[in-house]
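Single-structure report; data block below.
The values are calculated or read from the model by the stated rules, or taken from the named source; none is laboratory data. Quick caveat: nothing in here was measured; it's all calculated off a predicted structure. All Cβ positions, even for glycine, are placed from backbone atoms using ideal geometry, and neighbour counts span all protein chains on display. To get the accessible areas, we keep the full protein, side chains included, count just its heavy atoms, and leave off ligands, DNA and RNA. Shrake-Rupley method; radii C 1.70, N 1.55, O 1.52, S 1.80 Å.
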Number of protein chains: 2
Amino acid sequence: MSWQFKLTSSMRVSPLRTLTTRPNSRLLLRPTGLSAGRFSAWSESTMTQTSASRTLSTQSKKCLNLDNMNQNIRAAKYAVRGELAVKAETYRQRLTEGDKSLPFDSVIFANIGNPQQLDQKPITFFRQVLSLVENPLLLENQDALKNSFGYKQDVIDRAQALLANVQSVGAYSHSQGAPGIRKSVAKFIEERDGFSANPDDLFLTAGASSGVSSLLSVICNDSNAGVLVPIPQYPLYTATLALLNAHCVPYYLDEQKAWGTDVNAIKKSIETAKSQNINVRSIAVINPGNPTGASLSPDDIKAVLDIAAQEHLVVIADEVYQTNVFTGEFVSFKKRLRQLQQEHPGKYDDVELVSLHSTSKGMVGECGHRGGYFELVGFDPEVQAQIYKLVSIGLCPPVVAQCLLETMVNPPREGEPSFELYQKEYNGIRDGLHKRALALFNAFQRMEGVEIQEPQGAMYLFPTINLPAKAVEAAKSEGRAADEFYCLAMLDATGVCVVPGSGFGQKENTLHFRTTFLAPGTDWVERIVKFHSEFMSKYGDGNAKL
Amino acid sequence: MSWQFKLTSSMRVSPLRTLTTRPNSRLLLRPTGLSAGRFSAWSESTMTQTSASRTLSTQSKKCLNLDNMNQNIRAAKYAVRGELAVKAETYRQRLTEGDKSLPFDSVIFANIGNPQQLDQKPITFFRQVLSLVENPLLLENQDALKNSFGYKQDVIDRAQALLANVQSVGAYSHSQGAPGIRKSVAKFIEERDGFSANPDDLFLTAGASSGVSSLLSVICNDSNAGVLVPIPQYPLYTATLALLNAHCVPYYLDEQKAWGTDVNAIKKSIETAKSQNINVRSIAVINPGNPTGASLSPDDIKAVLDIAAQEHLVVIADEVYQTNVFTGEFVSFKKRLRQLQQEHPGKYDDVELVSLHSTSKGMVGECGHRGGYFELVGFDPEVQAQIYKLVSIGLCPPVVAQCLLETMVNPPREGEPSFELYQKEYNGIRDGLHKRALALFNAFQRMEGVEIQEPQGAMYLFPTINLPAKAVEAAKSEGRAADEFYCLAMLDATGVCVVPGSGFGQKENTLHFRTTFLAPGTDWVERIVKFHSEFMSKYGDGNAKL
């Protein structure tokens, strides 16, 4: 589990910085195993360009070309929607158009946590309420709503309350989100944690991604700024840091301890970064983990908060999978922080914490609505006012998504007319996810050269794959990382689209892939098993290790 | 109409840069009249801080304070949701709570183009369709939809077509927006311009603001990059450039020519910027104008395209008010460019143009939904692929807003069941806007010391106010710009919230304010007239000029 840093010149999370001459190029930090060429499945070689077009581009009289556009954007990597996803989409289109030449009859998008693309049905209560806020004229015939469409009184009441709050979903709201909706979110947090929450500290967002982007941009004050990011990670973090020209300071999660945090690894990362004059300002934690599925214990959380208190780091707690927990109970960073503040007066007073949540995950799965929030805890009020100004430039998060968020944090309660159906649907989704996670887990356990941790939470499994040397060589001859080669072969053979581990980061000399367990049925799991067996036979040489 | 540049040290669009020591501070460009202290009504003195809290903040052990957070954010100004708007909201709350001590009984938010906050009713067809995509279960009883709620067959057909396209509004779509919806947008552009449009060149967005942000971030490749911005302007542009640490290169619009573009002013701005080693990469044009309401002629547009072709500038055409035109006809930059490319083969081939549109403005006014798109014209395919990657990091624009956009660009046609009501509602909104614009225009004409151009388009009037010397002195003694002082006095006396000209930029020794003409009725117009008369009497000294 040991890891070390290697110094390379002008290196960040991306290799592209090395291609450009920048006045402020310096010695930067890069962990071994985070070799830039492997960090993402989105490699430039897979874009539309060829060396001929590159020459043309550079000679064109246009203002913008690849070499003179913002190089931070060029450097950013985002594998989740990269080459594999694009190829999967072309396969899907070919199947739609009646193409019979492919060796599969459906494409399974297991690359992204997008439940409703995979036929997960939305929760009825949520959508009934949203239909009414979209067309309040429906409220003028409540009898017909009830008799012809089965709308219950609590649906009608909720829609009316939301409309009283936002006036119209077509009007800009307060830039932090409608005040009444923030009150509901605060109440939800209080019930979850047993500690108070202030609506003024809540910022509703267009999904958690836009919140992460705003927060990292506030934290990263210059090109020496660094943010601790777990590896493997959801690549939003490295991508956003690349856009901000700031340092990703990676800390490796401990695969052998179910992908938990490793305090010593974090401390060593900080030390090494400091020795490189990187100003480490923040630590991002994804709990439950993406792509790992890990769920942190109260002790793990305390360990992170201890480091934050000691090093004056802003804690970014990405808690969008907080209801996707199979084993144990979710404990929020906010709750743990408040407990520690009670137990040790003074010691944790200066900790700055932001907790993010979303309507896209959990049993809600409403990705397309782009809803979410973040809560600021312990922030300087002056900084908070600047964050308000920053978000006000974008005016406001989508108001329909704000209404959806309200129904998520304030669902039907026992005894209310919509409760029974809500509970049935919610539990059905939860149990289905757990069942498919276990089916996938069992399949991976059966597969040669695959190592897998028991699923704890989130929507993903992240198995280790030990590939034959011949496969690694074949990948190299195509100029690809071995895991990318494997995932492309899987897509071509099965129509199942997963994301190579290099898209999230992984220790040197290890290979993984991430798959969701959202797709219905188990047919696609068997497709993976069959493909893997054939792949191993094709490249096998008796030595299964990479 | 002459203007000149003045050199000041380490100066950009904001004064705050001067407060921080940055390694790369240089001599930068600032036009006279763009004095930073006046550039925005959002001044730091109006925030929660006091000098005591500042000291505290700096001494705190927290990671983030005002002085060590990202200073680009601190430097950004956004007056539309600044101090005046915050104060107006507190007045509104006091009135809601029954406070009788205020000299007015309602607050009029004339500071922001937010029609549905001001009781503009949404267009029925749009919202009926959206209610069905939110709850497709409603489609299972089409008889009840028709008989109990008056839904027409074309509403049902459209909802089904949209659902076939996006699968579920709860699923992430393609990062550029659902392909079928982009096809509709392309068709709309073709019908508008008479020239082809390619769905692959369209990027659906969460309102135009997020599109502007993405595009400016691609264009601004380093801290020498500059973008030509009209003054006065919608402050999104200066704010975003401040966030990107890039140069705003202002060019003044010609108030005496109905706020049209002035080619010589643009050329002189470019020359001066070049002499300061600023790399001028792009020109932003807002047509119809915000805050000016100006509508550009085909000749004005040609003049801008000529400069862009000559100087290799990316043209950012902010055309969100394209249907808000009272006089003449809207001509898009795309149409004019294609015409010129036909007339002068070769000459305009390298022009890069992006045109932005939105669901927030026009007669749609659906601000809260956060919908819009931009079209790229003539961009390098490699750069376009990078823009795709950039937007993919944020996953996708809100899918409900994409559906709304589709109904906006593809409304009911003559002969279709929903056409009659649609047309009646659309024309009612259009005529109401025009009527109120004229009422406001007439009122301003009657007011002492106020100069006003006849309204041409958009949702705003931007009168010049000539204030008595005593008022200017009174403002100075409060540390405020005179227009800010005037607007605050107006809010305190009338409950009408407008934005001072300094929030948009204005020539030195001129004062303005921006008001929308969205609020229903004319009572509030009379409130302004009465306030103005009393203000002039209070501070009058026979010399009305500033």
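Before moving on, here are some points about what is shown:
- Identity of the residue in segment A:358-377, of a type outside the set (D, E, K, R) and facing chain B (nearest Cβ under 7 Å), that ends up nearest to A:A458 (Cα to Cα): A:G365
- Of the criteria (1) open to solvent by 10 Å² or more (accessible area, probe 1.4 Å); (2) within 7 Å of chain B (Cβ to nearest Cβ); (3) under 27 Å from A:N264 (Cα atoms), which one A:L313 fails: (1)
- Test: B:T292 is in contact (Cβ under 8 Å) with a residue 60 or more places away in the chain, more than 12 Å from chain A (Cβ to nearest Cβ), open to solvent by 30 Å² or more (accessible area, probe 1.4 Å) and not in a strand (DSSP E or B): no
- Filter result for B:T323 (more than 9 Å from chain A (Cβ to nearest Cβ) and either small (G, A, S) or in a loop (DSSP other than H, G, I, E, B) (or both)): yes
- Among the residues here, A:G207 qualifies as in contact with a Ser or Thr (Cβ under 8 Å, 6 or more places away or on another chain) and modelled with pLDDT under 95.
- Residues (within 15 Å of A:I528 (Cβ to Cβ) and charged (D, E, K, R)) located in segment A:420-450: A:R436, A:R446, A:E448
- Residue selected from segment A:118-137 under the condition assigned to a helix (DSSP H, G or I) and without any contact (Cβ under 8 Å) to a residue 12 or more places away in the chain, by the criterion nearest to A:M459 (Cα to Cα): A:R127
- Members of segment A:451-487 found to be hydrophobic (A, V, I, L, M, F, W, C), buried (at least 20 other Cβ atoms within 10 Å of the Cβ), in contact (Cβ under 8 Å) with a residue 24 or more places away in the chain and more than 19 Å from A:T327 (Cα to Cα), listed by number: A:I465, A:L467, A:A471, A:A481, A:A482, A:C487
- The residues in segment B:444-490 that are charged (D, E, K, R) and out of contact with any Phe, Trp or Tyr (no Cβ under 7 Å at 6 or more places or on another chain) can be counted, and the count is 7.
- B:Q445 being assigned by TED's automatic domain parsing to the domain that holds B:G521 and part of a loop (DSSP other than H, G, I, E, B): no
- Hey, B:Q402 touching a residue at least 24 places away in the same chain (Cβ under 8 Å), under 22 Å from the mean Cα position of the chain (by Cα) and open to solvent by less than 20 Å² (accessible area, probe 1.4 Å) or not: yes
- With respect to (1) away from every other protein chain (no Cβ under 14 Å); (2) in a strand (DSSP E or B), the lone exception for A:P412 is condition (2).
- Residues located in segment A:346-381, provided they are farther than 26 Å from A:V325 by Cβ and either open to solvent by less than 10 Å² (accessible area, probe 1.4 Å) or touching a residue at least 60 places away in the same chain (Cβ under 8 Å) (or both): A:F379
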